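The values are calculated or read from the model by the stated rules, or taken from the named source; none is laboratory data. Owing to the predicted nature of the structure, the values given are computational and were not obtained by experimental measurement. Positions of Cβ are backbone-derived with ideal geometry, glycine not excepted, and every protein chain shown enters the neighbour counts.
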Amino acid sequence: MRIALCQINNTVGDLAGNAALIIRFARDAEARGADLAVFPELALTGYPPRDLVEKPSFVQRSMEALDQLVADTRGIRCGIIAGFVGRAPAGSARPATNSAALIEDARIVFTQTKMLLPTYDVFDEWRNFQAADKQDLACFRNSTLGLTICEDAWNDKQFWERPLYKNDPVEALVARGAGIVISINGSPYDMTKRAVRRQMFSSMAQRHGLPHVYVNMVGGNDQLVFDGSSFAVDPAGRIVASARSFEEDLVLFDTETLCGDQHESHADETSAVYDALVLGTRDYIRKCGFKRVLLGLSGGIDSTLVACVAVDAVGKENVVGVAMPGPFSSDHSVRDARDLAANLGIRFEIVPITGAYAKVLEGLDPIFDGAGRDVTEENIQARLRGLTLMALSNKWGSLVLTTGNKSEIAVGYCTLYGDMCGGLAVISDVPKTMVYELCREVNRRGGPIIPESVFTKPPSAELRPDQKDSDSLPEYDVLDRILKAYVEDLKTSAQIAEEQHLPIALVRDIVNKVDRNEYKRQQAAPGLKVTTKAFGMGRRFPIAQRFYE
């Protein structure tokens, strides 16, 4: 049997558009000689639909869309496996199911509902879906298929030291006689995922002595980026077919010859992260109905990276960089911003805030009643820049991209209603040290786009005379090590200090900054997840609380 791994970029709720995409890929698979075209988890409805499934109208229209999809397959000779939102059985605690249908000869010949519903990190499926209470084997053209939906294949007791669930759906299907295991997925990207998936499925295939097929969706949906990276594994655990990462693709796998298409993808994770940001930005803009974006272009490394991502996401003609020099801005900031804009070919505007800043202080100083200058005046500058960008956003119908990185957002080195203003926080999950790596990646790909001075000048918010980030924070290589250990690895201050050989007072100060600034992060624009633990939907800490490290 020849199986087509159909890696598509669908949109949550676009039932007609997703169905058309499925039909187009199925016809392509048929033309290339496939017997079976396999699509990702919830291919018809998009993933994750979240609380849309609580609407009876959404479930009803999903079922109607499935019926129409089945009808539209008339004349397509290959079988189709596609995920959809189904209606839960009467009396169920939840209204919907995360299911998959096997379609052949314009009729549904088999369905399977997801058994294991994840409720960790960015997942909250137990909130939305009713789990299956049983699973069956599917028979298709003399082959016996074990069909699993994402998490169902992620509980291998031999691979994980502490499995999350008691039962292993893959093991049970193999024990009942499955000849091949097919897993359809909506697995979001992070920097560890591509390697972990291959290791896990290779281990399972080798242990079960059966080929395993992994099909993943691709594209950005809100904060999540799905990388695709679909593949097939032979019984010896070798990857014998593989799709590209971060783009739609179709690859064939032959279960008899155990051979398949091998499409090249990223050799290193820095390159992968960059393309994840581009894809997530492009799809957020496109799926939210925008065409154009703008951002504050300060001449610093962070706004530089966001500008480069934006150009690769939507094209230079749809990006505007705005320099907003204030009373403490350096000459090289505007120069570097202008040079970058010229290299990228984007529109560049200069809107000084010095006059507006003076007027605001003139109005507030009598109320401040002689109080000395402090962070208040620094934040006024940041908020004037936010005001400027949002005014241009309203006037031009453009989406504002924020430019704060994960390191700054973690410790609150950002201003609410100032530099945090915007619709998408492109690099909010990118540590500062990685920002530099990604900018080097930009220059490796396209030549000297980013001026060398952007890499070499000390980072500064330029909100007071001669200000440097290092006045308030440790060097970023130290800060990022502390943040990874605390935010991603959940280690205590004492553990971090001991393992990193750092002063405990420094670690405690950073950890307390992280805890105290939760209120800022919960008011931030949605950001794109690329690390194992991103701020946002995958990290749910209370604001009003008194537990401190």
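Looking at this structure, is SER230 crowded, with 24+ Cβ neighbours inside 10 Å, at negative phi and of a type in the set (Gly, Ala, Ser)? Yes; evaluated as a whole, the condition is true for this residue. Taking the listed residues LYS491, LYS513, LYS520, the one that is outside any helix (DSSP H, G or I) and within 27 Å of the chain's Cα centre (by Cα) is LYS491, with no other qualifying. Every listed requirement among (1) at pLDDT below 95; (2) crowded, with 17+ Cβ neighbours inside 10 Å is met by ALA544 save one, (2).
Looking across the range 26-48, the residues that are crowded, with 23+ Cβ neighbours inside 10 Å, on the phi < 0 side of the Ramachandran plot and not small (Gly, Ala, Ser) come down to LEU36, VAL38, PHE39, PRO40, GLU41, LEU44, THR45, TYR47, PRO48.
Here's the yes/no breakdown for (1) buried (at least 21 other Cβ atoms within 10 Å of the Cβ); (2) at pLDDT 95 or above; (3) touching a strand residue (DSSP E or B) at 6+ places or on another chain (Cβ under 6 Å):
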position	(1), (2), (3)
GLY423	no, yes, yes
LYS432	yes, yes, no
TYR436	no, yes, no
CYS439	no, yes, no
VAL442	yes, yes, no
GLY446	no, no, no
THR456	no, no, no
ASP480	no, yes, no
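Reported count of residues in the range 101-143, each being touching a Gly at 6+ places or on another chain (Cβ under 9 Å), of a type in the set (Lys, Arg) and at pLDDT 95 or above, is 1.
Residue pairs whose Cβ atoms lie under 6 Å apart, separated by 6 or more positions or on different chains, with the first residue in the range 508-535 and at negative phi and the second surrounded by fewer than 19 Cβ atoms within 10 Å (Cβ to Cβ) and acidic (Asp, Glu), are VAL511/GLU549; THR532/GLU488; LYS533/GLU488. Residue-level check: of (1) touching a helix residue (DSSP H, G or I) at 6+ places or on another chain (Cβ under 7 Å); (2) within 13 Å of LEU173 (Cβ to Cβ), ILE149 misses just (1). For the range 1-18, the set of residues classified as over 17 Å from CYS259 (Cα atoms), surrounded by fewer than 21 Cβ atoms within 10 Å (Cβ to Cβ) and among the hydrophobic types (A, V, I, L, M, F, W, C) consists of VAL12, ALA16, listed by residue number. Is it the case that the range 334-353 has a residue that's of a type in the set (Phe, Trp, Tyr) and at pLDDT below 95? No, every residue in the range 334-353 fails to be of a type in the set (Phe, Trp, Tyr) and at pLDDT below 95. Go through (1) touching a residue at least 40 places away in the same chain (Cβ under 8 Å); (2) in a helix (DSSP H, G or I); (3) under 19 Å from THR403 (Cα atoms) and name the single condition GLN467 misses. Every listed condition holds for GLN467 apart from (2). The set of residues from the range 147-165 being touching a residue at least 40 places away in the same chain (Cβ under 8 Å) and under 18 Å from ALA131 (Cα atoms) comprises LEU147, ILE149, CYS150, ALA153, TRP154, LEU164, TYR165. Please enumerate the residues belonging to the range 194-229 that are among the aliphatic types (A, V, I, L, M) and under 22 Å from the mean Cα position of the chain (by Cα). Selection gives ALA195, VAL196, MET200, VAL215, MET217, VAL218, LEU224, VAL225. The set of residues in the range 361-380 being over 13 Å from GLY326 (Cα atoms) and of a type outside the set (Gly, Ala, Ser) consists of LEU361, GLU362, LEU364, ASP365, PRO366, ILE367, PHE368, ASP369, ARG373, ASP374, VAL375, THR376.
The set of residues in the range 236-291 that are closer than 30 Å to GLY397 by Cα, small (Gly, Ala, Ser) and touching a residue at least 12 places away in the same chain (Cβ under 8 Å) comprises ALA276, GLY280.
Pairing each residue of the range 94-110 that is outside the structural domain of ASP67 (by TED's automatic domain parsing) with any residue that is basic (Lys, Arg) and in a strand (DSSP E or B), provided the two are 6+ apart or on different chains, yields no C-beta distance under 9 Å. Within the range 354-381, the set of residues being of a type in the set (A, V, I, L, M), within 40 Å of the chain's Cα centre (by Cα) and modelled with pLDDT of 95 or more comprises ALA356, VAL360, ILE380. Scanning the range 9-37 for residues that are within 26 Å of the chain's Cα centre (by Cα), farther than 25 Å from TYR189 by Cα and of a type outside the set (A, V, I, L, M) yields one hit, ARG24.
When you look at LEU401, is it in contact with a helix residue (DSSP H, G or I) (Cβ under 7 Å, 6 or more places away or on another chain), touching a residue at least 40 places away in the same chain (Cβ under 8 Å), under 26 Å from LYS291 (Cβ atoms) and in the same structural domain as GLY299 (by TED's automatic domain parsing), yes or no? The answer is yes for LEU401. Taken across the range 198-215, residues that are under 30 Å from ALA525 (Cβ atoms) and modelled with pLDDT of 95 or more do not occur at all. Pairs linking a residue in the range 384-395 that is crowded, with 19+ Cβ neighbours inside 10 Å to a residue that is of a type in the set (A, V, I, L, M, F, W, C) and assigned to a helix (DSSP H, G or I), with Cβ atoms under 8 Å and 6 or more positions apart or on different chains, are LEU384/ALA356; LEU384/VAL360.
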